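Step one of this worksheet: look at the structure below.
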Amino acid sequence: MIGTRGTALAGSVLVLGLLAGCSDQPLPLTEGPPGASPADGLVRVVQLSAQRAQVSDQVAAAKFGTGTAVTDPAREAAVVAGARADATRAGVDPDWTARIVADQIAASTQVQNDLIRQWTDRPDTRPAQRPELNRVRPELDRIGDELVAALKLAAPARANEECPSTLAQAAVGQAQGLDEVHRNALGRSLTSVCDGAPG
């Protein structure tokens, strides 16, 4: 059984490492709209987080060798602000959403730094093509929009003691097809999902 929420997912290695051998079935989190449940929302959050980590490869390729900084504080702040506004319109806690989107950005930064370091040290692993950033960003925007919808569905699970184990088991399943760079990023991106409801 996973410990308290908040500690169960505190860190990229912890979220996947502690549960790598967990064989329990995901715990039921069944209250939610017809045809879906908060557990489904958590699974979708994991899927979208993995997608974003993988799209970060294209962002890294677009920046590699150009002198463009990995971090872009102004754009990152705009993305978080946009997600906060979208969440407010959708009836999702905007502060919770902002924390999760900030974690997603931190995970993307982690992937980009890891890949750029690898490509610098091992030229044979460098990407063959450099995509245009403005062609990658619509995919990031799509993931962001879908993430808010997934968080709306997952919201009832936030403060449930079963949230960390359900989320982490979904993460372990998703991580099976990922390399170490993207597994670590996936764990980092999920840090705030089960942080409990305010108050």
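Worth pointing out:
- For the stretch 86-199, with all protein chains in place and a probe radius of 1.4 Å, 46% of the accessible heavy-atom surface sits on carbon or sulfur.
- Between Asp179 and Asp145, the contour length at 0.36 nm per residue exceeds the Cα-Cα span by 9.7 nm.
- Distance (nanometres) between label positions extended 7 Å along Cα→Cβ at Arg135 and Thr66: 1.2
- Theoretical gain in end-to-end length, Gln54 to Thr88 [0.36 nm per residue, Cα-Cα removed]: 9.5 nm
- Solvent-accessible surface (1.4 angstrom probe) belonging to Asp121, in square angstrom, nearest 10: 110
- Calculated FRET efficiency, Ala81 to Arg126, Cβ-Cβ distance, R0 = 25 Å: about 0.15 to the nearest 0.05.
- Counting only protein heavy atoms and a 1.4 Å probe, the stretch 79-199 has 47 square angstrom of accessible area per residue.
- Each other residue within a Cβ distance under 9 Å of Thr191 adds +1 if Lys or Arg and -1 if Asp or Glu, for a net charge of 0.
The values are calculated or read from the model by the stated rules, or taken from the named source; none is laboratory data. Since we're looking at a predicted model, the values are computed, not measured. Cβ sites come from the backbone with ideal geometry, for glycine too, and all protein chains shown count toward neighbours. The accessibility values were calculated without ligands, DNA or RNA, using every heavy atom of the protein model including side chains. Shrake-Rupley method; radii C 1.70, N 1.55, O 1.52, S 1.80 Å.
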